[in-house]
Structures are given as C-alpha cells and as structure tokens.
1. For Ala197, state whether it is in the same structural domain as Ala137 (by TED's automatic domain parsing), among the small types (Gly, Ala, Ser), under 11 Å from Ala136 (Cα atoms) and touching a Phe, Trp or Tyr at 6+ places or on another chain (Cβ under 6 Å).
2. Consider Thr410 against the criteria (1) hydroxyl-bearing (Ser, Thr, Tyr); (2) over 22 Å from Ser176 (Cα atoms); (3) modelled with pLDDT of 95 or more; (4) assigned to a helix (DSSP H, G or I): it satisfies all of them except one. Which criterion is unmet?
3. Run Ala457 past the list (1) assigned to a loop (DSSP other than H, G, I, E, B); (2) buried (at least 20 other Cβ atoms within 10 Å of the Cβ); (3) modelled with pLDDT under 95 and report the number of the one that doesn't hold.
4. Exactly one condition in (1) touching a strand residue (DSSP E or B) at 6+ places or on another chain (Cβ under 9 Å); (2) aliphatic (A, V, I, L, M); (3) part of a loop (DSSP other than H, G, I, E, B) is not met by Leu373; state its number.
5. When you go through Ala336, Ala316 one by one, which is the residue that is out of contact with any Pro (no Cβ under 7 Å at 6 or more places or on another chain), touching a residue at least 12 places away in the same chain (Cβ under 8 Å) and of a type in the set (A, V, I, L, M)?
6. Do the conditions hold for Leu78, that is, is it of a type in the set (A, V, I, L, M), assigned by TED's automatic domain parsing to the domain that holds Tyr34 and assigned to a strand (DSSP E or B)?
7. Sort through Ala409, Ala431 and tell me the only one that's closer than 19 Å to Ser330 by Cα and either among the aliphatic types (A, V, I, L, M) or in the same structural domain as Ala21 (by TED's automatic domain parsing) (or both).
8. Among the residues of the range 13-69 satisfying the criterion of being in a helix (DSSP H, G or I) and β-branched (Val, Ile, Thr), which is nearest to Ser79 (Cα to Cα)?
Amino acid sequence: MTYLLGIDIGTSSVKATLVKAEDMLPLANAAQEYPIHKPQAGYAEQNPDDWWRATIHTIRQVIEQANIDTSAIAGIGLSGQMHGFVCLDSAAKPIRPAIIWADARSSAQVEHILAQVSPEDLARHAPGPPAAGFMAATLKWLHEHESETIHKTTTVLLPKDYVRLQMTGELATEPSDAAATWLFDIEHGVWSAQLIAWCGLEDRYLPAIIHSVDVAGPLTAAAAEALNLPAGIPVIAGSADQPAQMLGHGVYQPGTALTIIGTGGQVIHPMPQPHVDRAMRLHVFNHAVPQRWYALGAILSAGLSLRWLRDLLGFAARDDAYAHISQIASDVPPGAEGLIFLPYLSGERTPLMDPLASGTFVGLRLHHEAGHLARAVMEGVTFAMAECLSLVNSLGDTSIHRVIASGGATQSDVWRQIQADVYNTTLHIAAGADHATVGAALLAGVGCGVYTDVDDACGRLPETTMQIEPDSATTALYAQRRDIFRNIYAHLKDDMHRLIE
C-alpha cells in the first residue's frame, strides 16, 4: 500500500489528509485552528509559527488515526491561503507577523497604483486588478511605513512556502501562488519586472520559482522528528489553495467550472490560454498544471453572510444552527416574498471591485420573518456568485458546460436547489470534503512519480455524489430578481460610498 499526505495552510486552520494512492480515498483527516490577530482596525496578521505548530499537530494526529507504516508515505504536498506573506531575515526567521490576504491596510497603495497606470497597460501586464491584501500592495505599504522591516528582509514567503521551508530548509515558491501576489508574469512564468516597477518594489527578496510538482526537497531529520515521520520523504512544491481545490475535484480541463461557497465564494474555470479581463473585474492566475491558467471570480461574504445572520438572530449557541436556518428558509417560497439581500458586508470583489460597497436588505416589510431573511441571504449570495459565473464564462475560448458545486452551502438542501435554479444549470455536487488537501496529495503523487501525470491522478478521484436539476418556473423568477439585484447596487453605490467616507 502506498500513501500520500496533503496539507492545506488555511486562513483559520491547518488541515491534513492521508490518502491511499491507489484510489485517492482519504484514510484520515485532522485540523488545528489558529487565530487571526487584528492589532488595528482593518489589519489581519498571523504568527507564522502557528502554521508550523498546527502542521505538526495535524500530521501527528492523522498518522495516529490511520495507524499505518509511515515508511509507505511516498510524498507530501502542500496548498495554502493566497496573497499574504511573511518577511524573513538572512537566517530565514520571521521579522514580524505575517500579513495575510484579509488585511486592508494597503488600500491607499492600491489607489496609487491604479492612478499611475493606464487601463490599457494594466490589461497588458497584470493578471487582474491589484487589491488590498495582495503581496504587491502590502509590500508597498511596508516600504512606506516599515522601512526597517524591508531593510532586514531577505526573502518573502507565502504561507504554504513557509511551512515547506520548515520541512525542507529550502526557500522557493511556485507559479500558482506567485501569480496571486500581483508581481508575476502569468504568461511567461517569471517575476514581472513591469509589475514590480509599478509598485516601487525590489526583486531581491522574491524567492526562486519551481514547478508545482517539483520536489522542493526531502523531509529533514529535524522536521521528521517533529512530525513523527521518516526523514527523506519527498516534499513537493504544491500550489495555492484554489488550484489545489480544483485538482481535488478533478477540475483542470476547460469546460468544467467549480463554484465554492465557503466563508467567501469563488467561481473557477480552467483556461488553455491566459485571457485577462480587460475591464479588470476578476483575476486570471496560473494553475498548478503546467500550461493551464484559470479565471477566478471571487465574492468576499458568502457563507460569512449566513454566519452573520446566524449570530444576528441569536442562533449561534444552537448545535443545529445551520440546519435550523436551512429549514426556516425552505418554508419560504423562492424570491423570499419580495426581499433581496446584497451580500457586500465586507465590500466586494468580482465584478464590482468596490471595497466601499455595503450589504443591504431591500424590500423589507412587516410580514417578513427570520425565514425570509435566511432565504434572501442564500439567494443574494447566489446572485452574486451567478454574476461571477457569467463573467468567467465570457472569458476564453471554451464555454462552461458543467458546474460542480462545493463548500458548506452544498450541505443545505434548499441552498443546493437555489444554486441550480439561479445558475439555470444541472448542479453536480462534489463528493467528499477537504478537497484542497486531496489536491495537495494529488500533486505529491505526480511529483514523486506515483502517478504518471495529472490525467492518471485525477482519473482515480471519486465521481460527484449527486445532481440537482433546475426548476424552470423558479429559474424564470430568479432571472428577473437577478436584474433587480444588479440594479440595486448601481442605484445605491454613491450613497454606500458616502456612508463609509
């Protein structure tokens, strides 16, 4: 028996999965949470050593659960949260806490970049618009506000690359994570001199680029002891979490899109060529699969909107909170009897790219109750996801003919049906869970030679578990409500900005 280990360095936790190489079925899973520190409003930082400690905990837990001969582990793969990074000194030690993707301190730096670069030049060189929380903008902020940090910095590493450094002692990144820094030439696979210059940055602290399936190095003796594993196991470069999610679902060929409603929401579609949206409404990044790219539409408050409503309604203490919310939402007819929700609780990315957008209910009347609010939130999030899906489908040479749904929203019968009806397509529900860790394990299998290629590896993944068909009458209603949803933001945008400013 041969095993592969996949690790995902997420925003709130590390997850680890041990899979059987023969059929990619998980044998054991574990997770360990860690905090996000917010020293000031709009800041989001983490202690990089929390990532490593959580990795040690989860791997030890997985090995204990599986009760296997660890010498049969053929490779280790990693995936991780995108955009954020940690600054390392000449001894490869963190200089300050990591600044992660959720950090908003660099909004002024983003505005400065956009003010000095023409839309035409952006479309020619950039993978999409710059954003607060991306490495490029945050590094620019550090140059302007923490020059001593930059002076001491020898290397900047993304989260999964920092954990891999602890495993191998090697400093490197790979194209899928590098692409999401907004400092990478996605077409040629190198750091972009043009983007670096626009940001007023230096290339001296940017790490070497290796392929996602390259062996970054063997597991060192010290790391092996900490993880309770044999030394020498090949550690594969891995990928950013979105490409890992895609591979965990077997999505790497154009024509199949993946929609994920978790804390945020993502719509992802592979591309054979990097067709960038000239209007800068979404991003195109490198896939972990060579000579593949993907269009990424993202919304900021997907499942987060439902969690906000859960807490607002006083359901947080209920063990069955989300099941209860789904039940009361299902008791309300489609359209929530005239209530529409805009899920812009943290601003919005695709397609608005507006950090000052605000969430709102429109149409509230005396007859609306908790179930109406719940259904409106589910529908509003799905309308926002549908905007992403339409935009992603408009890029590139291949139309989307199959949609796989994943994330927490697929656990709700009513929210699954809402997605099929709003998207007006058959919805394929993903099998299993923790797809990013499975994708990381899959990359490990390709990198260490267990699989001949990605086709071989993805052919072993389980099929989707079910299909949800759209209801034609509800689809027609939702098409009309989507128009209203879209128009509400257009009418309220200026007032939203005035309220924030």
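1. Values: in the same structural domain as Ala137 (by TED's automatic domain parsing): yes; among the small types (Gly, Ala, Ser): yes; under 11 Å from Ala136 (Cα atoms): yes; touching a Phe, Trp or Tyr at 6+ places or on another chain (Cβ under 6 Å): no.
No, not satisfied.
2. (3)
3. (1)
4. Condition not satisfied by Leu373: (3).
5. Values: Ala316 fails: touching a residue at least 12 places away in the same chain (Cβ under 8 Å).
Of the residues listed, the single one that is out of contact with any Pro (no Cβ under 7 Å at 6 or more places or on another chain), touching a residue at least 12 places away in the same chain (Cβ under 8 Å) and of a type in the set (A, V, I, L, M) is Ala336.
6. Values: of a type in the set (A, V, I, L, M): yes; assigned by TED's automatic domain parsing to the domain that holds Tyr34: yes; assigned to a strand (DSSP E or B): yes.
Yes, satisfied.
7. Numbers: Ala431 fails: closer than 19 Å to Ser330 by Cα.
Ala409 is the lone residue from the list that is closer than 19 Å to Ser330 by Cα and either among the aliphatic types (A, V, I, L, M) or in the same structural domain as Ala21 (by TED's automatic domain parsing) (or both).
8. From the range 13-69, those in a helix (DSSP H, G or I) are 48-66; that's our starting set.
Now restrict to residues that are β-branched (Val, Ile, Thr): 55-56, 58-59, 62-63.
Numbers: Thr55: 12, Ile56: 15, Thr58: 14, Ile59: 14, Val62: 17, Ile63: 19 Å.
Applying the filter and picking the extreme gives Thr55.
The values are calculated or read from the model by the stated rules, or taken from the named source; none is laboratory data. Please read all numbers here as calculations on a predicted model, not as lab measurements. Because the Cβ atoms are built from the backbone with ideal geometry, glycine has one as well, and the counts that use them run over all protein chains shown.
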